[in-house]
There are 2 protein chains.
Amino acid sequence: MEKIQALRQQVDEVNEHILQSLNARAALIKQIRELKDKVSSDYFDPEREEEMLRNIIEKNEGPLSGKMIGDIFNHIFKVNLEFMGISHEKLPLV
Amino acid sequence: MEKIQALRQQVDEVNEHILQSLNARAALIKQIRELKDKVSSDYFDPEREEEMLRNIIEKNEGPLSGKMIGDIFNHIFKVNLEFMGISHEKLPLV
């Protein structure tokens, strides 16, 4: 059980990394959007999301499958649109 | 546009961190499950998920809201159950 406890602590640490990365990601996307606001009204870029997803899945070495990773990242993209105040209902699902 | 390019590169780097963290997390959870297999048949621990979620949201400093972070982590938990071959349909939604 001590081993389980130690592994759980590692999971907590990884959770915290993911938390920080998700927030850092949202802050970056917000900056990009602010810069884009100045040059165009093209807020949402589905091609960019597809490209990101391709890159991510290409780099994936498991144990999670490409489908699983894609599933999680699509959810991250969706929440990010929500964060930016963009309704994803109107948008194509990437 | 160069600034946008630089920010996009940073997003790619954060994506890669998230990718690595998700896989590291899945590998740890798999180890915990293997240890648990030896001591009990209690594979899924909804209380542990709730505890993790509470910890994560408590540590959240934004810009994503607690609800958004919770939403993403619930999705990560769901995909992890899938990875472990546990149907989440039978399980309570955390």
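Stretching A:Arg48 away from A:Lys30 to a fully extended chain increases their span by 5.0 nm, per 0.36 nm per residue minus the current alpha-carbon distance.
The A:Ile86 and A:Gln9 beta-carbon pair, evaluated with R₀ = 30 Å, returns a calculated FRET efficiency of approximately 0.20. Normalised by the number of residues in chain B, the mean separation of alpha-carbon contacts (under 8 Å, six or more apart) gives a relative contact order of 24 percent. Neighbouring Cβ atoms from other chains, within 10 Å of the Cβ of residues in A:68-80, number 5 on average. Which shape class applies to chain A: rounded if a/c is under 1.5, otherwise prolate when a/b exceeds b/c and oblate if not, where a ≥ b ≥ c are the square roots of the Cα gyration tensor eigenvalues? Prolate, since a/c reaches 1.5 and a/b exceeds b/c.
No value in this document is a laboratory result; all are computed from the given coordinates. The structure displayed is predicted, hence computed values, not measured ones. Cβ atoms come from the backbone with ideal geometry, glycine included; neighbour counts cover every protein chain shown.
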